Amino acid sequence: MSPAYPVIAATSCDGRGAAVAAARIALTTDAAGRAVTQTPWGCGCPTGPVFTLAYVPRTSPLEIRLCLDPSKDTCERGCGMPVAWDLAGPMREAGATAVRIAP
């Protein structure tokens, strides 16, 4: 939803940080394809994309992984906010009606 949190077609997090373990992600999606983390993340002072949502094209349910690159934000801030992405396009492209977090 924000340019600070891109959505990319990719089968891994290579070049985008490390994949966040599925067990650490509380993610909700709606019929329109909006994905939102239910875990508040630190606000900090990002210098690039800290979070990237990577999806595997043409998978149904749409396979996604959350990539985290902490080197893009070295500030500590005492706040948190959910992070959101618009998956409507990738879901439509894949013909998917559901999302699955990659292991």
Give me the distance in nm between label points sitting 7 Å out from Cα along the Cα-to-Cβ direction at residue 97 and residue 58, one decimal. 2.2 nm
In nm, what is the difference between 0.36 nm times the number of residues separating residue 75 and residue 22 and their Cα-Cα distance? 16.6 nm
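Every number here is computed from the coordinates shown, using simple stated rules; none is lab data. If you're wondering where the values come from, they're calculated on a predicted model, not measured in any experiment. Because the Cβ atoms are built from the backbone with ideal geometry, glycine has one as well, and the counts that use them run over all protein chains shown.
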